[in-house]
Amino acid sequence: MKTYPAEPFRIKMVEMPNILTKEERIEAIKTAGYNTFQLKSEDCYIDLLTDSGTNAMSDRQWAGLMMGDEAYAGSRNWAHLEATVKEYYGYKYVVPTHQGRGAENILSQIMCKPGCYVPGNMYFTTTRFHQEANGATFRDVIIDEAHDSEIDLPFKGNVDLKKMQALIDEVGAENIPYLCLAITVNLAGGQPVSMANMRETYALCQKHGIKVFYDCTRCVENAYFIKIREEGYADKTIKEIVLEMFSYSDGATMSGKKDGLVNIGGFLAMNDEDMYIKARELVVVYEGMPSYGGMTGRDMEAFAIGIKEACRFEYIQHRVEQCAYLGDKLEAAGVPIVRPVGGHGVFLDARKFLPHLTQEQLPAQTLAAHLYIESGVRSMERGMVSAGRDKITGENHKPKLETVRLTIPRRVYTYAHMDITADAIINLYKNRDSIRGLKFVYEPPMLRFFNARFDYC
Ligand SMILES: *Cc1c(COP(=O)(O)O)cnc(C)c1O
């Protein structure tokens with residue numbers, strides 16, 4: 001039988017959410033218009049809405065906050081963060097930003113020109129937005145299997161080199177400033193990229209003078225998958241694997257809110273000096289001085305410490321295996337989930353879960369609302385509601401996958417919390433026939449999933 005590593009930490013401070021009765025939860029979700037985004041955080045016993053910025057910091061990170069040097073220039077915490085990024089990620093230059101999208105903005109402004117193409121292994125919302133805002137067209141070059149929820153592959157985030165070559169042949173390498181490689185792929189459910197694929201992708205791009213920038217927000221999770229799944233890496237440390245990964249790139253954008261183990265922060269890193277000089281100019285306009293980039297001194301100190309802690313094997317092993325634990329438990333009970341489980345959470349397949357609902361009856365939205373009622377677990381709809389409407393026809397986008405995302409914050413929950421979550425989902429699954437679908441009663445024109453309100457059909 002598979003075993004799972006126990007929590008590699010001791011708890012010395014706790015947060016006490018409201019533990020509501022079922023009747024109170026029914027009222028709370030009704031007041032929230034059956035939209036989990038509209039729930040109060042303190043009314044969510046187990047909050048799996050996102051793993052972004054929801055990390056629990058260590059005692060050392062909290063101690064680091066007390067050592068914040070809030071000078072406008074030359075803060076010692078910046079020196080610490082800069083040195084840490086250079087040591088752990090291997091880049092020559094680092095520019096701090098307030099979070100990941102700040103780095104994406106600067107990268108896209110420097111690299112993209114109107115009419116250019118930026119390929120990527122699937123897209124991430126803000127990353128793609130900044131590319132397009134600077135005149136680029138995004139092209140998906142991920143392997144086909146990544147779009148299928150049932151194919152079990154060890155490295156489902158890989159670039160399809162044939163697709164990349166086809167794009168080069170079609171538009172010309174001179175019109176492709178860079179390839180954006182996400183490690184792991186968030187939108188594919190945290191699927192990793194293999195070291196071999198990084199190496200080959202970089203070789204192909206170098207041959208054509210195309211740069212490679214990583215979206216390295218979840219790089220430590222990716223490194224763990226390489227260690228346990230790819231031949232030749234079992235005996236390497238996470239730090240060694242992370243360094244090798246970055247050696248196949250020209251730079252990276254990072255959101256510290258994920259694998260930086262902090263609540264806010266980010267950076268843009270690169271090896272090219274000219275690019276660094278441009279980025280250092282832009283950061284002043286959009287983020288702050290190049291010695292803080294929108295972060296406080298204390299934030300930078302916690303971030304530097306977080307980068308080091310994230311590379312400890314026992315941390316990342318627990319992090320990824322805890323996600324697997326929840327997925328394995330659900331799968332053993334026959335609950336339909338997206339396979340394989342990735343690095344940061346579990347996705348329920350809502351159409352298979354609620355087969356008696358049509359897609360118009362919003363199975364993922366319905367399931368997320370009922371999971372809250374059942375257990376106080378907050379999850380996120382990733383289906384037709386999130387997909388929005390076609391800008392031209394006004395029709396609903398109908399994504400093939402209707403999922404409910406259970407994203408696990410780092411170091412926050414124990415296996416007992418995962419048990420409660422799994423039991424609630426399994427119980428709902430047994431009683432799925434009694435669940436009625438939802439419909440919109442208020443639909444905002446843009447990004448409708450945040451503020452939409454629903455009621456039973
Ligand atoms: C969160 C995230 C981002 C954006 O980072 P922010 O810090 O939220 O701005 C970019 N890419 C990926 C893969 C992410 O998960």
Handout entry: Where Rh is the Kirkwood radius over Cα pairs, Rg/Rh for region 139-253
Key = 0.96
Handout entry: Value of relative contact order over region 340-424, rounded to a whole percent, pairs C-alpha under 8 Å and six or more apart
Key = 34
Practice task
Provide the convex hull volume over Cα atoms per residue for region 37-174, in Å³.
Solution key: 220
Handout entry: Share of pairwise Cα separations in region 87-149, more than 12 Å, in percent
Key = 71
Completion exercise
On each of the three principal axes the extent of the alpha-carbon atoms of region 199-252, given in whole Å and largest first, is 33, 22, 14
Exercise for the section: With no solvent and one equal point scatterer per Cα, compute the Debye intensity ratio I(q)/I(0) for region 404-457 at 0.13, 0.18, 0.24, 0.29 Å⁻¹ and report its log10, rounded to two decimals. Expected result: -0.56, -0.87, -0.94, -1.05
Handout entry: Simple spin-label estimate for Glu331 and Val171 in nanometres, 7 Å along Cα-Cβ
Key = 3.6
Problem - Cα-only radius of gyration and Dmax that characterise region 1-72, units Å - result: 17.7, 55
Problem - Global geometry of region 121-184, whether rounded, prolate or oblate, following the gyration tensor of its Cα atoms and the 1.5 cut on a/c - result: oblate
Practice task
Would you compute, for the Cα atoms of the chain, the largest minus smallest coordinate along each principal axis and list the three values in descending order, in whole Å?
Solution key: 61, 54, 46
Handout entry: Under-5 Å amide H pairs with Ile142, H placed in peptide plane, nonlocal only
Key = Met122, Asp160
Practice task
Please label the shape of region 288-410 as rounded, prolate or oblate, based on the square roots a ≥ b ≥ c of the eigenvalues of the alpha-carbon gyration tensor (a/c under 1.5 means rounded; beyond that, a/b larger than b/c means prolate, else oblate).
Solution key: oblate
Problem - For region 71-79, 3J(HN,Hα) per residue [Karplus equation, 6.51 cos²θ - 1.76 cosθ + 1.60, θ = phi - 60°, Hz, x = Gly/Pro] - result: 5, 5, 9, x, 4, 5, 5, 5, 4
Exercise for the section: Kindly flag which residue pairs out of Lys162/Lys207; Lys40/Lys352; Lys22/Lys439; Lys239/Lys308; Lys156/Lys430 have an alpha-carbon separation exceeding 19 Å in this structure. Expected result: Lys40/Lys352; Lys22/Lys439; Lys156/Lys430
Fill in the blank from the handout: Along the dipole axis of the chain (charges at Cβ: +1 for Lys and Arg, -1 for Asp and Glu; origin at the Cα centre), the most positive-end residue among Asn158, Ile373, Leu362 is Ile373
Practice task
Only Lys, Arg, Asp and Glu count, each charged at its Cβ (+1, +1, -1, -1), so figure out the dipole size of the chain about its Cα centre, rounded to 20 debye.
Solution key: 360
Problem - Residues of type aspartates and glutamates that Lys227 reaches as a straight line, Cα spacing below 16 Å, ignoring anything fewer than 8 places off in the same chain - result: Asp235, Glu240, Glu244, Glu314, Glu321
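Values quoted throughout were computed directly from the atomic coordinates according to the rules given, and no laboratory measurement underlies them. Bear in mind the structure is a predicted one, so any value in this text is a computation, not a measurement. So basically every Cβ, Gly included, is an ideal-geometry build from the backbone, and we count neighbours across all protein chains shown.
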